Structure formats: structure tokens, C-alpha cells
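Before any comments, here is the structure.
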Amino acid sequence: MRHTLLPLAIVLLLAGSPLAQEPPYVPPSDPAVQAKLEWWGDLKFGLLMHWGPYSQWGIVESWSLCSEDEPWCRRTGPFAENYAEYVTAYEELKTTFNPTKFDPAKWAAAAADAGMRYVVFTTKHHDGFSMFDTRQTDYKITSPGSPFHANPRADVTKAIFDAFRQKGFGIGAYFSKPDWHSDDYWWRRFATPDRNVNYDPAKYPERWQRYKEFTYNQIQELMTGYDRVDILWLDGGWVRPLSSNRPSWAKSPYDQDVDMPRIAAMARRHQPGIIVVDRAVPGPFENYRTPEQEVPDKPLDYPWETCMTMASSWSYVPNDTYKPTGKLIHLLVDIVSKGGNFLLNIGPGPDGEWHDDAYQRLKDIGAWMKVNGEAIYGSKPVAPYARNAIRYTQSKDGRTVFAFYLAGDTEVGPPAEITIEGVRQGTGSTVQLLGASNQALSWRIAGDSTIVSIPASVRNNPPCRYAWVLKIARP
């Protein structure tokens with residue numbers, strides 16, 4: 001991930017501008033991929049997890065190894081002033097990473113109860129440490145040098161995928177295209193000035209070819225040894241052909257082509273219809289886009305997913321601050337009303353557990369989803385999308401519109417009247433509040449709006465907290 005931690009208010013203000021400048025989306029031509037994308041788009045709510053030995057230090061994932069002058073790359077601790085010593089100590093974290101409380105079934109149960117329906121797990125981040133049983137490197141959790149290697153769940157990726165698959169989840173494998181541990185990406189002969197390959201692949205083609213094969217082989221292991229995988233979620237968008245539209249943050253003059261056509265073809269031989277997400281590299285292998293830590297200000301005309309942290313960091317930080325439940329629910333509603341999915345990140349700790357606040361947030365979200373999931377799953381956006389405190393979705397057949405009233409900070413129940421702007425009801429339409437015993441509500445037309453009356457019995461005993469959903473059924 002790019003580690004951009006902006007305050008949410010700033011994120012929402014900035015959200016529209018960078019997205020509007022993106023090159024055209026290229027839809028997949030494979031009918032199996034099209035069908036998988038349709039399925040994925042109905043899931044709406046997913047779990048992302050960043051986890052590795054770095055959790056022992058409670059630091060940002062991987063980025064402290066990168067010598068860029070960015071806030072998320074700054075090093076702390078006793079080795080911070082000596083880069084060589086820092087790298088050595090960081091890589092030695094492998095020898096002490098022993099998450100004995102790791103219980104993926106507990107995570108899967110909590111995520112399922114929250115209404116999440118797919119999971120994306122970091123099989124390998126930029127630091128190159130593999131959280132799966134790869135044969136391409138010994139820098140992995142199943143290495144004899146890792147104290148966790150003898151645990152029955154040492155192949156963490158397999159254990160996670162199996163546990164979540166048993167709960168009916170879609171399965172996504174996050175994989176970093178850059179590998180900063182590989183001597184064929186960051187060659188130890190040279191310094192590492194930034195996130196990019198530190199030599200010219202055109203000048204040393206044999207070395208770059210080794211790296212391409214290494215990348216291909218690791219992804220092939222994930223595609224062949226871990227049962228059904230639905231999403232190949234590739235990070236590190238600066239690893240791309242020089243001929244592509246390179247954004248300013250892809251700070252390299254070198255061609256870093258890892259041959260995505262070959263990788264995608266291999267992945268789909270083993271996993272027919274798999275969604276490939278070559279993040280931030282527009283083209284045929286970016287089957288959906290992933291605005292990071294931001295929410296677009298309007299619906300987008302391509303499949304998309306907001307990936308965002310539940311706390312302040314992608315990776316585990318001791319005593320981190322978790323977003324309030326109400327804000328998370330409002331984010332989910334806002335994203336879904338604009339046609340997107342919400343991929344919410346939790347960073348497990350070094351012992352293999354989530355923070356108590358993460359479990360509590362999921363429990364609270366789950367209570368809300370049990371009442372209102374009908375308006376979330378399989379829904380489509382509908383104009384006017386968002387007006388004041390109201391967000392809108394509709395059923396796939398367009399016969400039912402859902403209006404979400406987002407509660408203010410002090411509101412514990414819905415108001416006496418809810419004004420639905422831009423959605424007029426016809427004769428025979430019925431309006432209900434989800435979770436309120438299918439009670440038909442009275443409504444009246446005022447201009448281009450519908451004003452719905454909420455009886456005192458419902459206001460005093462609301463079916464949920466944080467947001468209330470009106471179901472408007474057309475005849």
C-alpha cells in the first residue's frame with residue numbers, strides 16, 4: 001500500500017480530483033471474468049489484512065526499508081540512524097516472529113458475523129517476507145529459521161484461506177510485485193535510493209529475467225496450492241512497463257515489465273475467471289480499481305473498491321485508535337450508494353490476535369447489517385445518490401429503492417419526518433423502515449420530494465443505531 005494517512009475530512013474533500021484524471025478503464029473480454037466481477041460487485045463488504053514480522057515492532061509494513069523522504073518511510077528505534085544495521089535487524093525479525101495465538105477460524109467467524117463476504121490477505125508485502133510456503137526463497141514464515149515453522153498453521157495463507165472459505169467468503173491473494181529482499185530487485189551491489197529496482201534491467205537483462213521468473217513462480221504457487229482463489233490483488237504499481245502512463249510517484253526511468261499478460265494467462269489457466277487487480281496500472285489487467293483511503297464524490301463508471309484502514313495504520317500499531325462504528329457504517333453506506341465495494345483493513349498483532357476494538361467494531365457493524373443488509377448486498381446506485389444526510393441504493397430490478405438516513409452524532413433514533421429528495425412515489429408505493437416489523441409508514445409528496453412520517457413507537461425503539469433505512473417498494 002502507499003502509506004497515505006490523511007484525516008478523513010481531508011480525504012473526502014480530495015477524493016474526486018485524482019480519480020477524475022485516470023485513463024480510461026479497459027473492461028475484461030473474458031465472459032468468466034465478467035461473471036466473476038458481477039459476483040464480486042454484489043458482495044459489497046470485504047476484509048483486508050496486512051500482517052508480517054514487522055508487527056513485532058508495531059511499525060508501518062515494509063516502508064521503513066525504503067530510502068525515500070516520506071513520512072511513512074521514517075525509521076524509529078535503536079537502529080534508525082544506521083540504515084545497514086536497520087535492514088539487518090528488520091530481516092532478523094523472521095527469527096522471533098511466533099504468533100502462537102493465530103486462530104483464523106476466530107477471525108473468519110467475526111468477519112462473517114459483521115457481514116463481510118470476501119477477504120484479501122497479504123501473502124507477501126514489499127519487504128519480500130512470504131506468509132506462505134513458497135519454494136522460491138527461504139525468507140518465509142515456514143522457514144526452519146522461523147520459530148512458527150513447526151506450528152500446524154505455519155502456512156498462514158493456507159490456514160486463512162481455508163478458514164474463510166469454510167464461511168463462504170470470496171478469497172483474495174494480495175501479492176507485492178516489488179520484492180525488496182530479492183537480490184534480483186534490490187541488487188546488493190548498489191544502493192537503494194527509492195522503492196524502484198536499483199539497477200537498469202535493460203543493462204542487466206539476465207538478472208531482470210531471473211526476477212520475472214521468481215515473481216511468476218511465486219504467483220503460480222499461490223494459484224495452484226491454495227484451492228479456489230477469486231482475486232489476485234497485485235500491489236506496487238510502479239513495477240510496470242516504461243511505455244505505460246507512469247504517474248509522478250512511480251519514480252523510475254527504468255522499464256520494470258514483469259510480463260503481466262503471461263502472469264494473468266497462467267493465473268486463469270489454474271483459476272478460471274479470476275479477477276486480476278494490477279493496482280494503479282490502467283489496462284486489461286486492472287479489472288477493478290482501488291481508491292486508497294478515499295471515497296469518490298460520485299459514482300464511477302467502472303468497478304471499484306475503496307480500501308481503507310479500520311484504525312490509523314495498515315499494519316499493527318500498539319494502542320492504535322480505531323474509527324468509531326458509526327463512521328465505519330456511514331463509510332460503507334456512502335461507498336455502496338456510489339456503486340463501490342468497501343475493503344476494510346485490520347492489522348493483526350505479533351501474537352496473531354486482533355485488537356479488542358476490532359472485534360467490537362465488527363460485532364457492532366454486524367448488528368446493523370443483520371437489520372439492513374437487504375439494502376447493501378446486490379444493490380445498485382440510483383440518482384440522486386446522496387443528498388444531505390440521505391444515501392440511496394436500489395434493487396437490481398429497480399423496483400425497490402432504499403433511502404439511508406445517516407444519524408448525526410447525537411441522534412439515537414430517527415426523526416419524526418425524513419425527507420427523501422429527488423425520489424417521488426407513485427400511487428400504490430409502500431414505505432417501510434427496515435427492522436420495524438414491516439409496518440407501513442405514511443408519506444406525502446412535496447415538490448420533487450417524499451416526506452415520510454416515522455411514528456413515535458419506532459423513534460423511541462429504533463431497530464438499530466447509526467443509520468436507518470427506508471424501503472420504498474414500487475408497484
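Key figures
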quantity	calculated
Reported label for calculated Cα Rg over 2.2 N^0.38 Å given (i) 1.70; (ii) 1.02; (iii) 1.10	(ii)
For the range 80-96, 3J(HN,Hα) per residue [Karplus equation, 6.51 cos²θ - 1.76 cosθ + 1.60, θ = phi - 60°, Hz, x = Gly/Pro]	4, 8, 10, 4, 4, 5, 5, 4, 4, 5, 4, 5, 6, 4, 4, 7, 10
Inter-probe distance in nm under a simple model that places probes 7 Å from Cα toward Cβ, at residue 298 and residue 39	3.3
Backbone HN-Hα couplings from phi across the range 56-68 [Karplus 6.51/-1.76/1.60, Hz, Gly and Pro as x]	5, 8, x, 10, 4, 4, 6, 5, 5, 7, 8, 8, 9
Amide H contacts of residue 315 (H built 1.01 Å from N, under 5 Å, at least 5 apart or other chain)	61
FRET efficiency, residue 101 to residue 68 (Cβ-Cβ, R0 35 Å, nearest 0.05)	0.55
Gained length - residue 149 relative to residue 446, 0.36 nm times residue gap less alpha-carbon distance	100.2 nm
In sequence order, calculated HN-Hα J values of the range 360-367 (Karplus, 6.51, -1.76, 1.60; Hz; x Gly/Pro)	5, 4, 5, 4, 5, 4, x, 4
Packing-based exposure ordering (other Cβ within 10 Å, fewest first) of 192, 410	410, 192
Gain in span if fully extended, residue 25 to residue 206, counting 0.36 nm per residue against the direct Cα distance	61.8 nm
Entries in 167/471; 323/363; 94/323; 44/177 that, when Cα-Cα distance is taken, lie over 21 Å	167/471; 94/323; 44/177
Net charge contributed by nearby residues that have their C-beta within less than 9 Å of residue 398 (K/R +1, D/E -1)	+3
Cα centroid separation, the range 356-380 to the range 168-228 (Å)	37
Distant-in-sequence amide H partners of residue 345 (H built 1.01 Å from N, under 5 Å)	48, 308, 309, 310
Separation between Cα centres of the range 430-452 and the range 72-132, rounded to whole Å	48
The range 77-129: GluC sites (Glu not before Pro) in DSSP loop, at most 15 other beta carbons within 10 Å	81
About the Cα centre, charge dipole magnitude for the range 8-375 (Lys/Arg +1, Asp/Glu -1 at Cβ), debye	500
Leading residue at positive end of dipole, the chain (Cβ point charges), from 176, 54, 463	463
Extension gain, residue 409 back to residue 437 (0.36 nm per residue minus Cα-Cα distance, nm)	7.5 nm
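Only the coordinates and a few stated rules stand behind these numbers; no lab work does. Note that this is a predicted model, so its numbers are computed, not measured. A quick note on method: Cβ atoms are made from the backbone with ideal geometry, for glycine too, and the neighbour counts reach across all protein chains shown.
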